Every structure is written in C-alpha cells, then in structure tokens.
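Read-outs throughout are calculated quantities, based only on the coordinates presented, and are distinct from any laboratory measurement. This structure is a prediction, so every number in the text was calculated from the model and none was measured. Cβ coordinates were reconstructed from backbone atoms using ideal geometry, including for glycine residues, and neighbour counts include every protein chain displayed.
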Amino acid sequence: MASNSPRQHPVTSSSAAADSQYIPFIDLQAQRARLGNRIEEAMERVLQHGRFINGPEIDELERQLSAFCGARHVIACASGTTALSLGLTALGAKYRDAIFVPAFTFVSPGEVAARLGCIPVFLDVEPDTCNISPDSLVRGIEMAKEHGLTPRGVIVIDLFGQPADYDKLTQIATGHDLWMMADAAQSFGAVYKGTHVGKLARVTATSFFPSKPLGCYGDGGAIFTDSDVLAAEMRSRRQHGQGEDRMTHVRIGMNGRLDSLQAAILIEKLSILGDELKARDRIARRYNEALKDLVIVPTVRPDRFSAWAQYTVRLRPGERDAVRASLDADKIPTAIYYHTALHQHAPYVGYPRAGGKLPVAEELAETVLSLPFHPYLEEPLQDRIVDSFRKAIKAARNG
C-alpha cells in the first residue's frame, strides 16, 4: 500500500540522472539553467568580499523585495519559522493568549504560537481555497472567550499560493480587536484585489525554502511591514535584541539572520520571479482544463492571483493510495500537503478547535494530492503526467 508521506525525488537524485523517463517533482535545475552563471557569479562575489553575515547583499535583497511588493520595510531572516516567531513577538503575543490558526497547513504557525506559551485555536478552512473560513474564525473567537482565553491575533495562511479572504478576515479581526499576521510562505508574489502579498496584513512572514516560488538554496525567510516601530523591533530581535551597537542588548532576541550567500542567490532569482509566476499560472490553468472532469481542481477566485506554490487536486475518499501507486509505477512523483490536519498531530490534540470539529480540514487531509509542478514544466511532460493520472484515476474507480 502507498505511504501517506510525500513521495518526492530530489532534483539532484541519482535516479533522475540514470533514468531518462524520470520527471522531477520540482525542477530547480531548469531554473538554474535559465540563470546561466549568475548564481555562481553572485556567490563568488560574496566569497571575495568575505562578509558572510550582514553583507551588502542583505540590504540589497531587502530593498528589491520592498520594491517588488510595496511594503515599506523588509527584514530578511533565517527561515519562515523565524519570521513567524519574530512577527508574533513584535505584535505582543503573550502567555495564554489565543492565537487563531487554520488547521490545514504546515506545522510552523501552531508550533511558533505554542512555543511562545500562547494557545493556538485551530480553525476550519474553506473547501475550495483551503484557506481560513471566516465563519470558523467567528466560532473560534466565541469559543476562546467561553474558555477564559484572551483572543489576541490570527495567523492568516495563503495556502498553495492563493491569498485568503483578507477583506472578511480583516473585518472580523478589527471587530474583535485582534491583530492579523499573514503567513505567506507559499504566496509571495500573489495579489489580492490589486494589492501584493506583503501589504495585506500588519505583518507578513514568508519562507525562502528551496521549493517555494521564490526559494534560496537553504533555509531563509523575510518579514514585511509598513510599521516603523514593528520593523525596528524585529530587526533588533533578529540580532539577539541588539541596541545601538553589537554589545548592547535592549530586549530578548535570537540569532535569526539570513546569510549573505543566500541573499545573493535570492537577488538573482527575484529578477525572474515575475516571468515564473506567469508560467506557473499558465501551467496550472492547463492542468485544470485537463483534469476538471475527473477530480476537484484548484479554484482561484476572480479577484486574486495565485503564486501557485503547489498544484493540488482533491480525489474521492479512499482512492489516493491506489492513484499514487499507479503514478509511482509510471515514474511520476506525487506529494501530500498535508496528510494530517494540525489538530490531529500528537502535540496539538489538546488545543481548542473552533466548534469542536473541523470537518473540512480533516476531509482535505484524506483526499488531497499534489502533482509535479514548477514554471519550467514543458507541455509534453505535463501531457504525460495528465495521461498517467487519468489512467490511474480510472483504474482506481473501476476497481
């Protein structure tokens, strides 16, 4: 029986080199080929000047990211999780504060809230976008108050690259005196009603993990805000709570810096991100046309532009293992994002759930499947994936 864990082959695996029929899940080598020698030359410049921490590439990356999305301040940092932690701390999250988190996502938002001593309250999501359900947020706030918790903030996650319903969520948050932080780990480059991700919440965190739409060659992240006060505090906390000089510390901080080599790589990749986002959208739409008669394909609402971090469909209950096994036999990798909802993981089963049950998140965990996807997926390869997928679905349903 197929495993529930993501079945992904790294782009540099020996199987890829040895097998001409292999299809990588994400092809970072195709992106590297497009950039030519620019990555190596950027890294060589860092090696030459030797400022591996806080080198000039950090300031330049922050400047270019700000210009791209319009946020006044950008703080590059060590990872997306670091960005979430810095943001939550700067926003004033305190012990036993209720922090509202969607249950269908990666573990980082719940993890960061819990590590700060807050109480993550898990919310259900919308079945079409997989993002926070505004109705579930309302139920979660009511439940938190009933349990004597202080509702403090909501972490809005733009899953798979599509911005959440920021208008409705902002209205609810404002009405209950909550701050709102965006987790844009999968959505940097996306747009909501004409506004870029990075400008949609008081603080926005993103990740530059290699598989993201904008990824480095290691861990990395960034925080976006228009607030001078929050930006200054997060910059300080990023560097051990530093004050006016390196040996003066004015608050509790961490070592949360991004290194210069990763910044140099990101600068080169950012220069082609706009083209890659268009390609992602084109390829996703082509997938949708080819598969919409068999499975539930991703829905992007008309007032939004998705960064398409993943291409994820929904199958019928009980058929995913057979479909994955069939695709694997055809040398086509798949992944599951995510096979377990957050509130079902062992460390989080005791935390509150809005309304007690989160049926949409639990159903998604049992039915989602992600197909190979990246901006350099050529049509013949996409056609091969589609043909194999259609064959696998029909075989699973015909028993």
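Could you tell me the number of lysine pairs in segment 38-270 with C-alpha atoms less than 27 Å from each other, where the two lysines are 8 or more residues apart or belong to different chains?
Here the count comes out as 12.
Using a Cα-Cα cut-off of under 16 Å, which lysines could be cross-linked to residue 292, ignoring same-chain neighbours fewer than 8 residues away?
Within reach: 391, 394.
How big is the convex hull of the Cα atoms of segment 273-398, per residue, in Å³?
144 Å³
For segment 126-169, what is the relative contact order in percent, using Cα pairs closer than 8 Å and at least 6 residues apart in sequence?
50 percent.
Could you go through segment 276-289 in sequence order and give the Karplus-derived ³J(HN,Hα) for each residue, using 6.51 cos²θ - 1.76 cosθ + 1.60 with θ = phi - 60°, rounded to whole Hz, and x for Gly and Pro?
5, 5, 5, 5, 4, 5, 4, 5, 5, 5, 5, 4, 4, 4
Between residue 278 and residue 244, what is the spin-label point distance in nm, taking each point 7 Å from the Cα along the Cα→C-beta axis?
Going from the residue 278 label point to the residue 244 one covers 5.0 nm.
Normalised by the residues of segment 38-270, what does the relative contact order come to in percent, with Cα pairs under 8 Å and at least six apart?
The value is 28 percent.
Before anything else, pin down the relative contact order of segment 273-398: Cα pairs under 8 Å, at least 6 apart, normalised by residue count, whole percent.
Taking the mean separation of contacting Cα pairs over the length of segment 273-398, I get 35 percent.
Rounded to a whole number, what is D in µm²/s for segment 38-270 from Stokes-Einstein with the Kirkwood radius over alpha-carbon pairs (10 °C, 1.306 mPa s)?
It comes out at roughly 89 µm²/s.
Can you list the HN-Hα couplings for segment 319-336, worked out from phi with the Karplus curve (6.51, -1.76, 1.60; θ = phi - 60°), rounded to whole Hz and with x for Gly and Pro?
Rounded to whole hertz, the list is 9, 5, 4, 5, 5, 5, 5, 5, 5, 4, 5, 8, 6, 10, x, 9, 8, 10.
Averaging the inverse of every distinct alpha carbon separation and then flipping it gives the Kirkwood radius. What is it for segment 190-335, in angstrom units?
18.6 Å is the Kirkwood radius here.
For residue 37, what charge total do you get from the other residues with a beta carbon under 15 Å from its beta carbon, if Lys and Arg give +1 and Asp and Glu give -1?
+1
When only alpha-carbon atoms count, how far does the chain stretch along each of its three principal axes, as whole angstroms with the largest first?
65, 59, 37
For residue 212, enumerate residues with amide H under 5 Å from its amide H, sequence gap 5+ or separate chain, H modeled in the peptide plane.
Distant-sequence amide H within range of residue 212: zero hits.
Can you tell me the order of 62-70, 223-231 when each peptide is scored by its average per-residue count of other Cβ atoms within 10 angstrom, highest first?
Peptide ranking by packing, descending: 223-231, 62-70.
For segment 134-174, just the Cα set please: Rg and Dmax, both in angstrom.
Cα-based Rg and Dmax for segment 134-174 come out at 11.3, 35 Å.
Antiparallel DSSP bridges in the chain: what percent, to the nearest 5?
Of all bridge pairs located within the chain, approximately 60 percent are antiparallel.
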